[in-house]
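Worksheet for the structure shown next.
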Amino acid sequence: MSNPNLYGDPDTYQGNNWYAGSNTSTYVHTNSGVGNFWFFLLSQGGTGTNDLGNAYTVIGIGIEKAAKIVYKAETAYLTSSANYTQFRNATISAATNIYGANSSEVIAVTNAWYAVGVGNKYVYNTTISGASQMCVGSSATYTVNNAPTGFTWSCSSNLTKTSGSENTATFTAHSKSSGWVGIRVGNVDIVRKNIIIGTPAGTISGPYDLSCNCLVYPTHPCNYKVKAMSLSESVSSNYIEWRVIPPTAEFIWLYVGENPVVSFLEVGDYTVQMRWKGTCGYSQYTTKTIRIPENSFYSYSAAY
């Protein structure tokens with residue numbers, strides 16, 4: 001049952017060794033390898049790629065539960081002329097009847113059939129609700145909706161689960177960066193909610209042409225117009241900081257705020273950096289490296 005191909009039988013519906021001839025006896029007995037392998041996966045679990053090219057993961061439920069589901073399907077739902085699609089539907093109905101909708105048993109039955117090429121894999125309608133941003137040292141509580149039976153909570157390495165009940169859990173953030181909380185069945189995360197920890201960096205874009213008033217600034221090789229972009233909060237320009245590296249560079253801030261203009265007095269390579277202060281304090285600096293060639297007029301600009 002674990003390897004029908006070894007005996008010349010198929011382990012995938014219409015896959016290798018599938019008999020498509022007209023001999024009814026051969027058709028039934030040869031192609032029963034698909035059902036055999038399905039039962040093996042249902043009881044023992046397994047991962048792999050079937051003959052149709054579909055990767056699968058099945059979390060086994062044990063031979064006793066698998067046998068109970070098959071017995072229920074055969075005695076309550078199947079007829080002697082049933083095909084594999086009807087066999088699949090019958091076993092899903094049996095698992096639902098015995099263990100309940102969205103149970104780990106229903107999931108295993110469905111995914112085992114997908115593994116052997118019959119029907120689609122289980123589609124989770126599980127979601128996680130809760131905050132999308134946390135500050136370092138703060139905690140937030142998350143709730144799972146339409147949870148499958150037998151699930152556990154999981155999280156990224158910069159979060160720690162500090163408490164929880166059946167369908168809710170509280171996590172504490174302890175370092176900046178992207179994070180997530182998830183719902184796991186067996187060793188597989190079936191859904192994750194992404195979380196921003198700390199204040200995320202913004203972005204700077206460019207270059208764009210900028211009309212340089214050479215009558216007013218006749219000695220400036222180039223003006224650059226920059227603006228904070230892709231900030232996750234609406235903030236005052238007083239909470240946006242800019243700087244130029246190297247700090248000894250010859251430049252003039254003509255205007256500083258959300259949309260500053262910096263005029264470089266020498267050709268060369270420079271780095272413009274920006275950070276902003278949000279709910280969780282200052283972000284990391286966003287960096288834009290620029291080159292001022294001779295006799296050039298360019299600008300950096302961005303919008304949010």
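Checking each residue in segment 137-154 for being under 11 Å from Thr170 (Cβ atoms) and open to solvent by 50 Å² or more (accessible area, probe 1.4 Å) picks out Ser139, Thr141. Give me the residue from segment 102-117 that is in a loop (DSSP other than H, G, I, E, B) and open to solvent by 10 Å² or more (accessible area, probe 1.4 Å) and, out of that set, farthest from Ile195 (Cα to Cα). The qualifying residue farthest from Ile195 (Cα to Cα) is Gly117. Out of curiosity, is Tyr13 touching a helix residue (DSSP H, G or I) at 6+ places or on another chain (Cβ under 8 Å), open to solvent by 70 Å² or more (accessible area, probe 1.4 Å) and farther than 18 Å from Asn83 by Cα? Judged against the criteria, Tyr13 is not a match. Scanning segment 172-192 for residues that are assigned to a strand (DSSP E or B), more than 30 Å from Gln44 (Cα to Cα) and open to solvent by 40 Å² or more (accessible area, probe 1.4 Å) yields a count of 3. Considering Asn97, Asn125, the condition of being modelled with pLDDT of 95 or more and not hydrophobic (A, V, I, L, M, F, W, C) is satisfied by Asn97 alone.
Give the residue that is nearest to Ala95 (Cα to Cα), with candidates limited to residues of segment 133-166 that are part of a loop (DSSP other than H, G, I, E, B) and of a type in the set (Gly, Ala, Ser). Ranking the qualifying residues of segment 133-166, first place goes to Gly150.
Here is a yes/no grid of residues against (1) open to solvent by 60 Å² or more (accessible area, probe 1.4 Å); (2) within 25 Å of the chain's Cα centre (by Cα); (3) in contact (Cβ under 8 Å) with a residue 24 or more places away in the chain; (4) farther than 30 Å from Ser157 by Cα:
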{"residue": "Ala55", "(1), (2), (3), (4)": "yes, yes, no, no"}
{"residue": "Gly60", "(1), (2), (3), (4)": "no, yes, yes, no"}
{"residue": "Ile63", "(1), (2), (3), (4)": "yes, no, no, yes"}
{"residue": "Val70", "(1), (2), (3), (4)": "no, no, yes, yes"}
{"residue": "Glu74", "(1), (2), (3), (4)": "yes, no, no, yes"}
{"residue": "Ser81", "(1), (2), (3), (4)": "yes, no, no, yes"}
{"residue": "Thr91", "(1), (2), (3), (4)": "no, no, no, yes"}
{"residue": "Ile98", "(1), (2), (3), (4)": "no, no, yes, yes"}
{"residue": "Asn120", "(1), (2), (3), (4)": "yes, yes, no, yes"}
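Candidates in segment 122-132 are the residues that are farther than 11 Å from Pro148 by Cβ and part of a loop (DSSP other than H, G, I, E, B); of these, the one that is most open to solvent (accessible area, probe 1.4 Å) is Val123. Ala169 meets each of the listed conditions (1) crowded, with 18+ Cβ neighbours inside 10 Å; (2) of a type in the set (A, V, I, L, M); (3) assigned to a loop (DSSP other than H, G, I, E, B) apart from (3). Just to be sure before I move on: is Asn238 at pLDDT 70 or above, of a type outside the set (Phe, Trp, Tyr) and surrounded by fewer than 16 Cβ atoms within 10 Å (Cβ to Cβ) in the structure I sent? When the stated conditions are applied, Asn238 does not pass them.
The values are calculated or read from the model by the stated rules, or taken from the named source; none is laboratory data. Values in this document were obtained by computation on a predicted structure and should not be read as measured data. Backbone-built Cβ (ideal geometry, glycine too); neighbour counts: all protein chains shown. In case anyone asks, the SASA skips ligands and DNA or RNA and just uses the protein heavy atoms, side chains included. Shrake-Rupley method; radii C 1.70, N 1.55, O 1.52, S 1.80 Å.
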